[in-house]
Amino acid sequence: MAKPLPEFLRVPWTVPQSLGIFVTAWFALPVGLVVLIVALAQVFSPVHTLLVLIQGSSLQVSFIFDLITAVTALGLVWLALRHYQVGWAEVGWRKFDFWKTALYLVGGFVGFTLVAALLIALVSYLVPSFNANQAQSNDFTGAVKTHVSLTLIALVLIPPIIEETVFRGFIFPAIAKKWGVWGGAIASSVLFGLAHWQANVSIYTFVLGLVLCFLYVKLKSIFPGMLIHMLNNLLAFYALASK
């Protein structure tokens, strides 16, 4: 007999609504903005200047795009919460027990590191062309030494807050209502991996997503997940800065 879904995961919104936020914020919005800018650049010279900056991978423009994505994602979640007349606690913004959380954070981080390493090794064995050591590449990874504050905010602070709220707080419970906790954890973690585009990074973030879903179920708060997510990104930031 299947174990009943925990009460705090019985959210009022639906799977299509949760997937709508994912598709809108991570795919439709960025593509739509680029298409709009390209079209307007043919008519307005200031927009053409912006397009040149985008094509030149301007760090400031990339940061603005990330902020737009973050605000859009949180805004859509807020609209859903308002529609169902519930608060932010419904997406896991709840208090948590510090000492209990500390134990889970240590165990979760160790487990994540081991499982991710094993899965990467397995994929490397099954797919010889898979590059497990491919460096994650975006406009910020190459600027950690020259724009420390901006890249720290863009890589370490913003993503954990937005991604934990959307993927663990909003998408995971919606799918869990249909497919159970494991189904919700796997499906939401697949989406979490896809949001990072790059193959080896997607596998890594898929495992991280599973661990963060586990933490959410055990601790009933996404704040511990944000902490471990920030720690993971901070270690990556430090590794990039040390090169």
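Values quoted throughout were computed directly from the atomic coordinates according to the rules given, and no laboratory measurement underlies them. Given the structure is predicted, the values throughout are model-derived calculations rather than measurements. Virtual Cβ from ideal backbone geometry, glycine too; neighbours counted across all protein chains shown.
Structure notes:
- For the stretch 156-234: rounded, prolate or oblate by the Cα gyration tensor [a/c cutoff 1.5]: oblate
- Cα-based helix-to-principal-axis angle, 45-55 vs the chain, degrees rounded to 10: 60
- Rule-of-thumb Rg ratio for the chain [Cα; 2.2 N^0.38 Å; N residues]: 1.06
- Exposure proxy ranking, count of Cβ atoms within 10 Å, fewest first, for Lys218, Lys3: Lys3, Lys218
- Surrounding net charge for Ile175, when Lys and Arg each add one and Asp and Glu each subtract one, Cβ distance under 13 Å: +4
- Spatially near lysine pairs across the chain, Cα under 21 Å, sequence gap of 8 or more or different chains: 13
- The stretch 13-242, relative contact order in percent, only Cα pairs under 8 angstrom and at least six apart counted: 26
- Per-peptide average of other Cβ atoms within 10 Å, ordering 97-103, 196-202, 16-22, 219-225 highest first: 219-225, 16-22, 196-202, 97-103
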